[in-house]
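Beneath this line is the structure, given in structure tokens, with notes to follow.
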Amino acid sequence: MHTNMAENLKDKTAKGIAWGAVNNGAIQVLNLVFGIVLARKLSTEDYGLVALLAIFTALAGCIQAAGFTQALANLKTPTHRDYNAVAWFNIIAGCSMYVLLYLCAPLIAKFFNQPLLIDVSRLVFLAIPISAIGIVPQTKLWIELRTREQSIASISALLCSGGCGVWMACNGWAYWSLAWQQVIFITVNMLIKYYFTRWKPTLPVDFCPIRSMFRFSSKLLLTNMLTVTSQNVLTFIFGKLLPISTVGQFSQANKWNTMANSFISGTMFSVAQPVFANAGEDKERQERVFRKMLRFTSFLTFPLMFGLALVAHEFILLTVGPKWEPCVPLLRILCIGGAFLPLQSLYHNFIISRGRSDFYLYLVTIQILLQIGITLSLASLGITAMVAAFSALNVCFTICWHYAMRRLCPLSTLTALKDTAPFALIALGCMVVVHYITLWADILWLRLALRIVIAALLYAGIMKLLHAKVMDECIAFIRKKG
């Protein structure tokens with residue numbers, strides 16, 4: 001019985017990761033295409049203006065969800081009563097947040113000294129109540145590991161929103177094209193997920209499940225708010241201290257960095273917490289599951305992120321154009337820190353799956369306070385120094401997440417290093433070698449192509465020579481599905 005359950009979980013995990021990879025891969029390709037077109041059509045000021053609103057939208061989204069997505073995932077058998085209570089809470093919270101932010105729009109515009117933010121923010125903030133309606137269908141698909149349906153919804157929404165955004169940008173809508181793109185994506189995504197789940201909120205509503213889940217979810221609410229603050233704090237600080245065009249340059253660099261590391265994080269997030277929750281109370285089994293996902297994440301994240309840092313200059317100039325060249329050094333720095341974010345995401349999901357949202361809250365609080373303090377203390381040195389310090393802290397803080405996880409799972413520090421460090425060192429070595437052996441190529445597109453091909457072949461070849469088990473498992477899985 002135990003063996004069958006383990007095999008079933010392994011099969012679900014493999015399928016979930018496969019569909020998660022398809023989903024995130026397709027999304028990143030589409031984002032790449034739409035992002036290139038929009039960046040060529042729009043100005044640095046357009047991007048900077050819309051980027052200033054990200055922290056408000058993200059915080060409002062946390063408040064409306066209130067941590068109940070993870071709380072539902074931790075219930076053994078969530079019922080319609082549980083889902084219904086969460087759905088109505090989300091809808092009420094989402095609408096309330098929109099009204100509040102609508103009224104605060106003039107204050108936001110005054111804080112950043114950008115009068116245009118009044119009208120554009122009121123459109124962007126519409127995504128908050130719309131996404132609130134779709135939280136429960138998203139949660140149901142996530143808990144049930146229905147990554148195929150999630151993939152279809154996300155890709156369809158991106159095609160619709162990206163197409164509309166590009167059309168608007170080509171017709172002179174400037175920053176409005178970015179604002180409408182966000183609203184359309186949320187709307188289409190929500191509608192398709194409702195179609196797949198065939199679920200809908202009903203009346204009357206019983207809010208008792210909310211009270212029973214609140215102790216767990218309230219800690220996650222605070223933690224999620226701190227997490228999104230951490231992710232957007234640089235843009236917020238830069239928006240107050242620096243010209244809007246500089247904010248736009250950072251926004252462009254951060255967008256490509258986020259696209260790359262979210263490919264890994266999104267792939268693993270689609271299955272991580274449900275898989276960890278289904279691993280049961282067997283400590284040894286928990287460790288085996290976590291280590292396998294840690295190796296797989298390391299196998300992908302380090303070559304991808306270090307590789308993006310390697311080709312950043314050629315990539316930016318060839319895709320979005322010379323006007324974005326100032327963002328290249330920022331992108332390289334962000335990629336180094338971004339390589340460790342998917343690993344941290346695994347630790348986050350494991351800690352949450354064990355019901356210890358208090359650990360999560362405590363560490364995220366410390367992390368964001370350090371980020372804000374370090375960033376502001378280096379403001380006089382310029383944006384590059386602030387971004388470098390921010391990224392360095394993210395790298396170092398991975399150690400803190402590991403020690404928090406050790407309180408719940410007997411995974412030694414040495415074992416974790418054995419599972420991650422070889423991939424990081426090999427990937428870094430490959431990128432350094434490729435950098436020097438391709439310097440002779442003066443043509444940008446040739447150098448970009450050479451660096452991508454040689455780096456991929458060199459990394460894969462070394463993995464094969466070292467008989468990396470994770471690579472053999474990936475190849476076996478692909479052959480099986482083929």
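The values are calculated or read from the model by the stated rules, or taken from the named source; none is laboratory data. For clarity, every value in this text was computed on a predicted model and none was experimentally measured. In this analysis, Cβ positions are derived from the backbone assuming ideal geometry, glycine residues included, and neighbour counts consider all displayed protein chains. For the accessible areas, the whole protein counts, side chains as well, though only heavy atoms, and no ligand, DNA or RNA atoms are used. Shrake-Rupley method; radii C 1.70, N 1.55, O 1.52, S 1.80 Å.
Per-structure values
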| quantity | calculated |
| --- | --- |
| The range 74-168: C-alpha pair distances exceeding 20 Å, % | 56 percent |
| Residue-by-residue Karplus 3J(HN,Hα) for the range 47-54, coefficients 6.51, -1.76, 1.60, Hz, glycine and proline x | 5, x, 4, 6, 4, 4, 8, 4 |
| Relative contact order of the range 120-185, pairs being alpha-carbon contacts under 8 Å that are 6 or more residues apart, as % | 42 percent |
| List Cys396, Cys160, ordered by accessible area with a 1.4 Å probe, largest first | Cys396, Cys160 |
| Portion, in percent, of the accessible area of the range 333-482 that falls on carbon or sulfur, probe 1.4 Å | 74 percent |
| Spatial separation of Cα centroids for the range 116-152 and the range 352-399, in angstrom | 27 Å |
| In Å², nearest 10: area of Arg285 left accessible to a 1.4 Å probe | 20 Å² |
| Cα-only radius of gyration and Dmax that characterise the range 358-451, units Å | 18.7, 53 |
| The range 94-217, relative contact order [Cα under 8 Å, separation at least 6], % | 26 percent |
| Percent accessible area from carbon and sulfur atoms, the range 105-256, protein chains only, probe 1.4 Å | 66 percent |
| Leading residue at positive end of dipole, the range 282-393 (Cβ point charges), from Leu310, Ala388, Gln367 | Gln367 |
| Isotropically averaged projected area of the range 315-418, using the convex hull of Cα atoms (one quarter of hull area), nm² | 8.3 nm² |
| Amide H contacts of Leu42 (H built 1.01 Å from N, under 5 Å, at least 5 apart or other chain) | none |
| Accessible heavy-atom area order of His467, His313, highest first, probe of 1.4 Å | His467, His313 |
